[in-house]
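Data first, discussion second: the structure below is written as structure tokens.
What follows draws every value from the coordinates through simple rules; no lab data is involved. Just so you know, these numbers come straight off a predicted model, no measurement behind them. Cβ coordinates were reconstructed from backbone atoms using ideal geometry, including for glycine residues, and neighbour counts include every protein chain displayed.
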Amino acid sequence: MAQAATRDALSFLDAAHPLPPLASLALRFAVVTAKWAQRRRTRKALSQLDPHLLNDVGLNRMSAHREASKMFWQG
């Protein structure tokens, strides 16, 4: 859902006021970098959750480990 919102926001910005190519590239780089940083933080936090907290979010230890061991660029 957040990915669709980000894409919609970028599309709106491009349609409303087209950015110069370098600015558009810089904006896309910033969005991707922020997304990667968020994935890294949330996967690190997921790897540190106790079993009862994993159960609260509907995950078991194996699926949490599988998600937490993905690299930050993997969706």
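About its Cα centre, the dipole of the chain is roughly 320 debye, where the only charges are +1 on Lys and Arg Cβ and -1 on Asp and Glu Cβ.
The residue list P20, A37, H65 was ranked by how far each Cα lies along the charge dipole of the chain toward its positive end, using unit charges on Cβ atoms, and H65 comes out on top.
Adding -39500 (n - 2.57) for every DSSP H run of four residues or longer, then dividing by how many residues the chain holds, sets the calculated 222 nm ellipticity at -24000 deg cm²/dmol.
By how many nm would the segment from M71 to L54 lengthen if fully extended, with 0.36 nm per residue of separation less the alpha-carbon distance?
Full-extension gain reported as 4.1 nm.
Pairwise Cα separations in region 30-75 fall into 5 Å bins from 0 onward with the following percentages, short to long: 5, 24, 30, 18, 13, 7, 2, 0.
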